[in-house]
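Engineer: Let me begin by handing over the structure; questions about it come next.
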Amino acid sequence: MLRKLFLTLLFISPMANAQKVIPLYPDGVPGLKDNHGLSEANVSDRDDGVIRLRNITNPTLTVFEPKASKKSGAAVIICPGGGYYILAFNKEGTDVAKWYAERGITAFVLKYRLPQEELFIEKSIRPLQDAQQAFRYIRSHADQYKIDKNKVGIMGFSAGGHLAATASTHYDEQVGEITDEKMSVKPDFSVLMYPVVSFNDKFGHSGSRQNLIGPDLTIKDIELYSNELHVSGDTPPAFLVHAFDDPVKVENSLAYVQAMKKNGVSAEFHMYAEGGHGFGLAVNKTGPVSSWPHRLEEWLKTRGLMK
């Protein structure tokens, strides 16, 4: 009972500093199956303080606004990771949003739908549909948040990095039931943290691939979601971080950076010898990997996204 109460308090506490939580689909969530019988839950089985969400049927944006005097005009959508099986909602979401807000960037934590076949028809498109809907919401409310429509980026961790990379390379097609050709869903920049980029057999992450696509893979499916194959001269500039000893192979980031170089698009990549996977803001890490937030801050300032 005490452990359940502890986890409940953990779920509530990250929301305390958020100004508002916005439902992405106030008129009804597209693709949701009837009578599924599942409720959103923190399914964490570890007392490590990480909120692990599953069964997300009402995707939202949790908004963290800077003080008015600090606003830079930039915004970022944050996609927590979790192998497309769970969302590490605080460690790779709300904690990071607070970091941005303290530095003048309006942050929106995307609680995106996981590709659960028991919940959604066309399960594979739902994470990207939510990311694209987030861009529509932010740009259509830019005046409200005092955001420059041309300074809206996306950040993702692990499988959330795959979603961010997908949003950065598949923006020409608006997926699903809701589209608005007048509203761009293209990120202006991307931040990819120890990302899953590719679904190929050489270095792609099989767990994320299995969860997003399923067991009945085709070459077409693998190529569609291997984002290094879709980089073009119009892909937004990117900042990437990966550790050499990460079980999600560093070749994911290398392939993306190489594709960016080939297409003449700016990318900054920091590879650390040690760090493993899932370190978030690296507040509990020692050594060089703990400095990655400082490198990101420098990159954001150089690009005019942070004061």
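Engineer: From V283, V241, which residue is outside any loop (DSSP other than H, G, I, E, B), of a type in the set (V, I, T) and closer than 21 Å to G82 by Cα?
Structural biologist: V241
Engineer: Among the residues of region 286-307, count how many are outside any helix (DSSP H, G or I) and more than 26 Å from K71 (Cα to Cα).
Structural biologist: 2
Engineer: Before we move on, is V191 touching a residue at least 12 places away in the same chain (Cβ under 8 Å), closer than 26 Å to R209 by Cβ and in contact with a strand residue (DSSP E or B) (Cβ under 8 Å, 6 or more places away or on another chain)?
Structural biologist: Answer is yes for this residue.
Engineer: When you go through (1) over 25 Å from S72 (Cα atoms); (2) over 20 Å from the mean Cα position of the chain (by Cα); (3) in a loop (DSSP other than H, G, I, E, B); (4) of a type outside the set (A, V, I, L, M) one by one for Q258, which number turns out not to apply?
Structural biologist: (3)
Engineer: Let me ask something else. Looking at R103, R54 in this structure, which one is surrounded by fewer than 22 Cβ atoms within 10 Å (Cβ to Cβ), over 22 Å from H277 (Cα atoms) and over 13 Å from the mean Cα position of the chain (by Cα)?
Structural biologist: R103
Engineer: Here is a follow-up. Check F157, F108 and return the single one that is more than 21 Å from H294 (Cβ to Cβ), buried (at least 24 other Cβ atoms within 10 Å of the Cβ) and touching a residue at least 40 places away in the same chain (Cβ under 8 Å).
Structural biologist: F108
Engineer: So which pairs qualify, if the first residue must be in region 224-236 and free of Cβ contacts under 8 Å to residues at least 40 places away in the same chain and within 19 Å of S158 (Cα to Cα), the second must be surrounded by fewer than 17 Cβ atoms within 10 Å (Cβ to Cβ) and of a type outside the set (S, T, N, Q), the Cβ gap must be under 7 Å, and the two must be at least 6 apart or on different chains?
Structural biologist: Matching pairs, first to second residue: L229/E223.
Engineer: When you go through S140, S124 one by one, which is the residue that is under 21 Å from R52 (Cα atoms), in contact (Cβ under 8 Å) with a residue 24 or more places away in the chain and not charged (D, E, K, R)?
Structural biologist: S124
Engineer: Go through region 194-208 and count every residue that is over 16 Å from the mean Cα position of the chain (by Cα), in contact (Cβ under 8 Å) with a residue 12 or more places away in the chain and part of a helix (DSSP H, G or I).
Structural biologist: Qualifying residue count for the region: 1.
Engineer: Run down D188, D143 and say which single residue is closer than 26 Å to K70 by Cα, of a type in the set (D, E), assigned to a loop (DSSP other than H, G, I, E, B) and modelled with pLDDT of 95 or more.
Structural biologist: The unique qualifying residue is D188.
Engineer: Just wondering, is there one or more residues in region 87-100 that are surrounded by fewer than 20 Cβ atoms within 10 Å (Cβ to Cβ), in contact (Cβ under 8 Å) with a residue 60 or more places away in the chain and outside any helix (DSSP H, G or I)?
Structural biologist: Scanning region 87-100 turns up no residue that is surrounded by fewer than 20 Cβ atoms within 10 Å (Cβ to Cβ), in contact (Cβ under 8 Å) with a residue 60 or more places away in the chain and outside any helix (DSSP H, G or I).
Engineer: So in region 272-307, with the set limited to residues that are in contact with a Phe, Trp or Tyr (Cβ under 7 Å, 6 or more places away or on another chain), free of Cβ contacts under 8 Å to residues at least 24 places away in the same chain and more than 14 Å from W99 (Cα to Cα), which one is surrounded by the most Cβ atoms within 10 Å (Cβ to Cβ)?
Structural biologist: K285
Engineer: Among the numbered criteria (1) closer than 29 Å to T94 by Cβ; (2) at pLDDT below 95, which one does R303 miss?
Structural biologist: Only one criterion is unmet by R303, namely (2).
The values are calculated or read from the model by the stated rules, or taken from the named source; none is laboratory data. Just so you know, these numbers come straight off a predicted model, no measurement behind them. No Cβ is skipped: glycine too gets one built from the backbone with ideal geometry, and neighbour counts run over all protein chains shown.
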